[in-house]
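The values are calculated or read from the model by the stated rules, or taken from the named source; none is laboratory data. Note that the structure is predicted; figures quoted are calculated from it, not measured. With ideal geometry, Cβ positions are generated from the backbone for all residues, glycine too; neighbour counts draw on all protein chains shown. These accessible areas exclude ligands, DNA and RNA; they are computed on the full protein's heavy atoms, side chains included. Shrake-Rupley method; radii C 1.70, N 1.55, O 1.52, S 1.80 Å.
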Amino acid sequence: MGLLFAAAGQSAATAEPSPLRYTAQARAAGLSAHQAQALQRKVDGYLDKLRGRGTQVSPNQIDMNGAMLNVTVPGEELPRQLVPAAEASQQATVCKNWADTNSPVPYGWFCAYEREWGNGDSIGMYACDNYFIPWYNNGSWQNNQTTGTVPRVHYAAGGYADMPAAPSIQGYTMNWTVVHSITNCQ
């Protein structure tokens, strides 16, 4: 079943040849040299885990071909926009946490969060596909896709389960450790 996942979903993409461009952008956004380097190491770790299923497109974003992995600056709770909006293919702040009740996840999106209550790194899925989940802890998710859209969670040990239809959320105890990937729509 693992081969099915490797062949399905996002097309292969490669990592940016030089992370220096993104480190410079992070520095221009006000990060210290230490923060910019730590952020790049974190992004590089994700690129390794994604094994060709993503491309770095900004200091803290990885394009997963239909989804965007938004990475927090180490030590911060939520991703933030580090490049001007005109330069970003998707906003790093699309996947909101629940504390921001005035700005819910946009209609049509499924957001998976590294940590509970919409905190930590996030993957905003906007195109129907299967997306690898690179986390090993308890997190959360928010489904604001077209009403009635049912996502499916695929388990690392095999098998799957349908998640609740949109609109729906799970704010805590989403055990990412056992999850291989999510197909955000059927």
* Structure fact -> Under 5 Å from the placed amide H of Ile169, counting only residues 5+ away or on other chains, we find Asn143
* Structure fact -> For the Arg51, Tyr107 Cβ pair and Förster radius 35 Å, calculated FRET efficiency rounded to 0.05 is 0.65
* Determine the sum of side-chain charges near Ala67: Lys and Arg each +1, Asp and Glu each -1, restricted to other residues whose C-beta is under 12 angstrom from that of Ala67. => -1
* **Amide hydrogen neighbours beyond the local backbone of Arg80, cut-off 5 Å, H modeled** => Val73
* Area accessible to solvent at Asp129, 1.4 Å probe radius, in Å² -> 40
* Asked: Which loop chymotrypsin sites (Phe, Trp or Tyr not before Pro) in the stretch 123-183, with loop taken from DSSP, have no more than 14 other Cβ atoms within 10 angstrom of their Cβ?
  -> Tyr136
* Structure fact -> Residue span Leu20 to Ser32: 0.36 nm per residue of separation minus Cα-Cα distance leaves a gain in nm of 2.9 nm
* **Computed FRET value (nearest 0.05) for Glu76 with Val178, which takes r as the C-beta separation and R₀ as 35 Å** => 0.80
* Asked: Per-residue HN-Hα couplings for the stretch 22-28, Karplus 6.51 cos²θ - 1.76 cosθ + 1.60 at θ = phi - 60°, whole Hz, x for Gly and Pro?
  -> 6, 5, 5, 5, 5, 5, 5
